[in-house]
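Notes follow the structure.
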Amino acid sequence: MGFRFIEVVWDVVRVIAFAGIVSGCSHVNISQVIQGTDPRSLLSQACKPGDQIKSALGSAWLKGAVQNDSAQFPAEIVVKAPSTLYLEAHNLLGGVEARISVEGQIFKIETPDQRKRVEKRRGSWGGIPLQSVTDLFLGKIPCPSASSLADARLSLNSEGQLLVQVVDPLKGEVQKFIYSFGIWQQKPWAEQLHWEKQGASIDFKFFDPEEMTGSPLRWEAKSSLGEIQMRWKDREYELTR
């Protein structure tokens with residue numbers, strides 16, 4: 001399955017004709033910090049950010065780059081667990097350039113002006129499972145599904161990275177998750193994730209953990225096709241009780 005997430009976002013980027021973000025946790029010798037840590041405990045720590053968030057809304061900046069082109073745009077976002085997302089992309093004058101929605105396993109993009117078109121897809125947003133898409137915007141870090149963990153293979157390498165290999169229980173496809181950690185609030189916090197599935201791959205980076213939930217307030221995704229960055233300007237969220 002090809003990874004076309006950047007291409008889908010670029011559908012929004014290229015209809016907005018206007019045209020910069022990096023930091024992270026404190027860096028220490030993480031391999032020493034997690035030496036001897038049980039891999040499943042470490043995976044639980046990687047998946048903890050935002051795990052109690054059931055809905056979020058607010059405004060954000062998105063930036064996309066494909067080959068030699070780049071653009072950025074403001075967006076209004078509403079996202080609800082487990083799998084509902086509404087994103088409205090604006091131009092600098094406040095006009096709506098595109099609307100993106102996720103409902104369960106259906107993805108839809110709509111441009112409302114004279115270029116009006118509606119496109120529906122099923123199962124993924126450019127190769128990312130729709131569950132992972134909504135998780136990212138909720139403030140979570142992509143993780144293996146609970147149903148795939150029973151037979152997962154987990155290990156730590158000499159650099160302190162957590163390697164997780166799972167098999168999709170429905171399709172039989174192998175997925176690999178490689179987490180790299182920093183330290184936040186004296187505990188490991190996943191700063192990077194390398195994800196692979198059927199030859200496709202994507203590198204995620206996560207920044208600025210939110211104080212109460214640990215959610216990354218900025219993230220980026222990069223592949224051979226291009227790059228997308230997302231930064232919350234303001235955000236409200238609701239927790240499960």
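Quick note: the coordinates plus some simple rules give every number you see, no bench work behind them. Values in this document were obtained by computation on a predicted structure and should not be read as measured data. Neighbour counts are summed over all protein chains in view; Cβ atoms, including those assigned to glycine, are modelled from backbone coordinates with ideal geometry.
Among the listed pairs Lys80/Lys171; Lys54/Lys187; Lys140/Lys187; Lys197/Lys222; Lys140/Lys222; Lys120/Lys176, a Cα-Cα separation exceeding 21 Å is found for Lys80/Lys171; Lys54/Lys187; Lys120/Lys176. When Arg241, Arg122 are sorted by how many other C-beta atoms sit within 10 angstrom of their C-beta, beginning with the fewest, the order is Arg241, Arg122.
With 0.36 nm allotted per residue and the present C-alpha distance subtracted, the Val174-Ile106 stretch has 22.2 nm of extension available.
Both the radius of gyration and Dmax for segment 96-235 are 16.6, 55 Å, in that order, over alpha-carbon atoms. Listing Ser158, Ser132, Ser70, Ser41 from fewest to most neighbouring C-beta atoms within 10 Å gives Ser158, Ser41, Ser70, Ser132. Length available on full extension from Thr37 to Ser158: 0.36 nm per residue minus the Cα-Cα distance, which gives 42.3 nm.
Taking the Cβ of Val33 as the center, what net charge do the other residues with Cβ under 15 Å away carry, scoring Lys and Arg +1 and Asp and Glu -1? Overall, the nearby charge balance is -2.
Give me the dipole magnitude in Debye, nearest 20, for segment 135-225 about the Cα centre, with unit charges on the beta carbon: positive for Lys and Arg, negative for Asp and Glu.
Roughly 140 debye for segment 135-225.
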